[in-house]
Amino acid sequence: MMIPPHVRHLLDHLLLKQRGKEMTEIEDRICQGIWQNHDYNTISKATGYQPVSVRRLASQLFQELSTATGQKVTKQNFQPSFNQLALDRQSTVDWEDAPTDIQPFCGRIEERSKLSQWISIDRCKLIAILGIGGVGKTALATKIGQQLQDNFDFVIWRSLREAPPLNQLLGDLIGVLSQHTNLEIAKTSPKRIAILLEQLQQHRCLIILDNVEAIMNPGEYAGNYREGYGNYGDLFHRLGSTQQQSCTLITSREPPPEIAELSSEKLPVRTLPLRGIDDAGTVLLEKMSVAGKISELQSINDRCQGNPLYLRIIANTIANNFDGDLAAFLESDRYTYAKISNILTAQLARLTIAEKLLIYCLAIRREPVSIETLAAHFAPLNLDRSLPTTIDSLIKRSIVQAIGSNEPISTKSPSKSRPNKRYTLQNVILEFTTDRLLAELQRELAIPDGLFFFNHLAIHPASSPAYIREIQQRLFRQPLARAISQQHQTQAVERVQSLIPLSRSLTPSGYAAGNTIELACELQADFTGWDLTNLYIAETDFQAMLLRRVDFRGTTFDRCRFAQGMGGLIGLSFSPDGQYLAASDTRFQIKIWEVATNREIAMLVGHQSWVWDVRFSHDSKYLISGSSDESIRIWEIASGECVQVLTGHRDWVWQVNFIFNSQLAVSIGADRQVKIWWWKKAQNLLTFNVPDFGVRDGVFHARRRLLAACGEDGIRIWQIWLGVQVKAIRDPQALNLRRLAFSPNGKKILGANFSRTIHCWDVDTGAHLFDLCGHPTQVGHINFENTGQIVSTCLEQIRVWNLQTGACLRTIDFAADCGKAAAYHAPFVATGSDNGTIQIWNLETGKCISTAGGCAPRMMSLATNSHNSIVASGKDDGTLSLWNLEDLADPITLQAHQKLAGGLAFSPNGKLVASTGSDRIIKVWDALTGEHLHSFEGHTDYVPQLIFADDRTIWSRGYDATTRHWDLETGKQEIFTALQPQWVLVLARSLDCQWIAFGTYTPMLALLHRPTGQLTSYPAVGNRLRQLTFTRDGRSIIGITDDRHLNRWQLDRDCLHTSANIGDRDAMAILCHPLYSQLLICGNDDGTISVWDLDRQIWIDRFQAHQKEINSISFLDRLNRAISCSVDGAIKVWELQDYSLVEVRSIESIKPYQLMQLGDNEGLNRAQITALVQLGASI
């Protein structure tokens, strides 16, 4: 028995990695002999080598293999050891959506033999299978991949049919090959190509890239890439010219120019032109039950040039339209159409209107869809009842493919068909149908005379997954808008708007109005004042549209999406059945959506401050929420009513959950208490006090009845009914954890802190088991699957881990700061951002299937200086605006960051302004001109605050738990380690630039005297110092904690410390009065501004300044004015009059739906109407 190919491949791979070369011929013969249990004398005779030489070579080989495998290899254990090793190292095969069941498959013996030779023997690095559509390129590539997959460490199949950007494809491939460990250090295509090539050298891989023609430009000569896809040429060139041990196999209708240049029969880059299947075509026809004379079958095969796709279509045409009578078919006119260029046109001409609409709908949907999705599309047109018959007819015509169950389609109700059965079009038919549909729509829009297809098909349906909507926009919305723009030029928007009256007259009411709005959006129309009354609008996404003064009275909405009006998202939760998603935010509200439709079904209002956590009951009938207002609320979802309020915590309630079949509830507060509630009676049954522990997160395991909480000094675990602590985990990795998760069996517990690492401990022994590393920013959410996999999220990434091996199985990257909140329900993860956007991701595909949000950008920060009247403001869309409040001219607006321009500061001389964003970059700008001067990178997580220490030095604090200072002249940075491991929550600088103050989580005030470098620490009363400011005379420092304790340290009196509780509102921004140093001005979470007398320790004024939370307040010394901004988008200017602030100017942010008119509308529920009114609509 010879060595099996997969074992032979493993031996070559190990030796190549160990010594840089594979087995020699003599080593191979020796191994073959040992594998067959021959002794050295027998091997000596077979090889012609002396026995002593055979022993020496075998010994040397076994030593190298022992080093490579980490276990002793001998002649006796060679065969069993490598059988097991090969079994353990089976290929990782990732076929994604490849058509792995190719039936029937005929011929291609010569081509398969040649490809096998090129890949396995000649070790070609890059091979292109080229041919026209339908000739069988995909089927051949799939077959050869299946045939050779045991010879590779990895086999990966990816389709480029929807033209993914190169960076996306590279990230996907690297993720599979490297277990997702390198993505955070490689953001650009050149770097990712380099990493990919390293992996292809380390592992023997077969990568199959199907439909490469999708990235080529169809409107030019062969060999030209589409705009934006030229970097694929760099990839193909590097694959073909760089030393590696892998093979990339592509299929395309035209060769990329790099392959054409590099290919040769003597080089490791080859091309295989693929033609018809010749005589095998007659066999294919016979397998498809077409009976006739050999000459007749050969005539059909010749006419189709052996193209398998067209042979299948003709076989079905003969069976369905000619009752299997081949002679009748040959005598008919249809036979004259049996040409590659005309057959699909002829086939389409025979379809009924219902069949045409269905295949056009599938062309728009782009991916396999269920019959329920199709039924929802055609129900408004009264075509849903005939849908099963239409689908069955198209399957028989070989036009529609059914994926999934082979059970027949229900003819009674679409809902009775198998839920896993989906329908789509074959590649060539999909492309042909897409082109035909686009041509039909362009014809209808050029001379509107009925708009049949425009009315019967949604060109950019809101219910499609987010990634599919991007494709639909590129294939339909953009080309149609471009054609209208070219025809009508400056009158393009007016031309589209003229379709609205026509939409009202169409019968039945279909998708014309919605399609018109989508086209107007693509043309960047100003919708202000549009008359959209008495329309049927379906499948339209209004989230990104400004609909000010639009009249929607009498209009019916069907499957439409609107902006949500959410604040910064801090709580997300799926219902146990996965049907609903709840979100809570910094605007004190809770919203609930139906996941399948993305329809808002409830808005819950009652909390008076941020809502930190929301969880569903086991039966999804109730929701529990915990808030900074120190209360817990229980909500009935059906009615939207609050049915219980639980009070007892003396600080923010971080986390809540139902336990014991939702009979009880558990809450964890910043007051260092964990409480168990009998919520229906509003009774607190148990309270665990954890002094000096600072509880940050907690989890409950129902079966083991364990409650675990984490904080500053580790993890504590209680047996809930005994009320006793059973375990404390205090090793260094367990300190300052912010997230916990139990394994499904309760035997392990995971924790994450600011180090971006997930740690795992044994619950019973407290032993540290392993770490999971790789997240680029702090981990915000952890979840154990019942399968043993771990799902974790950070600010910009989702990772799926194998618990047993610690390997990262999948990485999903998204925009920075989009992972502030997260929730998991297999196979979906929901993520939420600071700007109120929610995205739902499919972990199996790695794609975003839904996005909700779209609210107008919110004001996040404000900064002023003492030298001029320039004001800087930042929004959560990453824009930075520079205002001159003396003349109120249009501001200089800069796209400063990718997202969330959160931290702003002026230099002491007023000439520079610095900004930070969720991209973790610090940027410095000329305050007068807006010129970009410097960029600094170093923080590994979001940077919420920075200050200028002087005109050339910036201090910053990050969520990576580091505080850094930067020299503007040299660009050098230094991490301030004196306070580590304390986490700095706030920075402040004295006006004379002599002092830097730090507020910490402990809480503690640290004071750095810059001239001497002396650092002194002072304790604070309360929890976590969040706000710090110096009095204008520099004699005192004022700090406010999360639990509303005001601390005052008087520098001129040896830091004499006093404190006071300042009431019932959270101060979000503070500063001392410029004229009266004893007065402190606070901007609060309810939009009020309060004035506190530091000497008398009383409030002397409080008034409603903004509608929503105030996030910044500052002074303009030159104008003797104060300025504030709020998350409601407004900037207000105040004149200082003695102890009071008098409003002198307001720069209001116009809401996205300002004065939008509603009335007599169908399709909107109470929650949706409430949200629309919140965003400016009126009823």
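We did not get these values from a lab; they are worked out from the coordinates using the rules stated. Here the structure is a predicted model, which is why all the values come from computation and not from measurement. Cβ atoms come from the backbone with ideal geometry, glycine included; neighbour counts cover every protein chain shown.
Points to keep in mind about this one:
- FRET efficiency, N1120 to Y1018 (Cβ-Cβ, R0 25 Å, nearest 0.05): 0.15
- Net charge contributed by nearby residues that have their C-beta within less than 11 Å of G714 (K/R +1, D/E -1): 0
- With Cα atoms, 0 to 90° folded angle of helix 308-321 axis to the chain main axis: 80
- Set of aspartates and glutamates near K875 by C-alpha distance (under 13 Å), chain-local residues within fewer than 8 positions excluded: D834, D1128
- Gap separating the Cα centres of the stretch 878-949 and the stretch 981-1019, nearest whole Å: 23
- Leading residue at positive end of dipole, the stretch 564-689 (Cβ point charges), from Q579, L569, S609: S609
- Proximity of backbone amide H atoms, modeled 1.01 Å from N, is registered between L985 and G999, T1000, Y1001 at under 5 Å, excluding neighbours fewer than 5 places apart on the same chain.
- Think of it as helices only: each DSSP H run of n ≥ 4 in the chain is worth -39500 (n - 2.57), and spread over all residues that comes to -7000 deg cm²/dmol at 222 nm.
- In Hz, Karplus ³J(HN,Hα) per residue of the stretch 548-560 (6.51, -1.76, 1.60; θ = phi - 60°; x = Gly, Pro): 6, 6, 7, 9, 10, 4, x, 8, 9, 10, 9, 6, 9
- A P(r) calculated from all alpha carbon pairs of the chain, with 10 Å bins opening at zero, reads 2, 8, 15, 19, 19, 16, 11, 6, 3, 1, 0, 0 percent.
- Size of charge dipole - the chain - debye, nearest 20, with Cβ of Lys, Arg +1 and Asp, Glu -1, no other charges: 2320
- This ranking places L547, L685 by how few other beta-carbon atoms lie within 10 Å of each, fewest first, which gives L685, L547.
- In the distance distribution for the stretch 441-573, Cα-Cα pairs more than 20 Å apart total 44 percent.
- When each of K820/K972; K899/K923; K621/K747 is checked by Cα-Cα distance, pairs over 20 Å: K820/K972; K621/K747
- Candidate lysines for bridging to K45, where Cα separation is under 22 Å - those fewer than 8 sequence places away on the same chain excluded: K75
- The residues packed around I43, meaning those with a beta-carbon under 12 Å from its beta-carbon, carry a net charge of +1 if Lys and Arg are +1 and Asp and Glu are -1.
- Hypothetical label at E969: residues of the stretch 988-1022 whose amide nitrogen lies under 17 Å (7 Å Cα-Cβ projection): 1011
- If you plug the beta carbon distance of T805 and S66 into 1/(1 + (r/R0)^6) with R0 = 30 Å, you get a FRET efficiency near 0.85.
- Charge dipole (the chain, unit charges on Cβ, about Cα centre) - positive-most of L933, L197, I1113: L197
- Using alpha-carbon coordinates, inclination of helix 512-522 to the longest axis of the chain, degrees: 70
- Whole-angstrom gap from the stretch 433-475 to the stretch 577-620, using each part's C-alpha centre: 34
- Rounded tilt (10° steps) of 51-69 against the dominant C-alpha axis of the chain: 40
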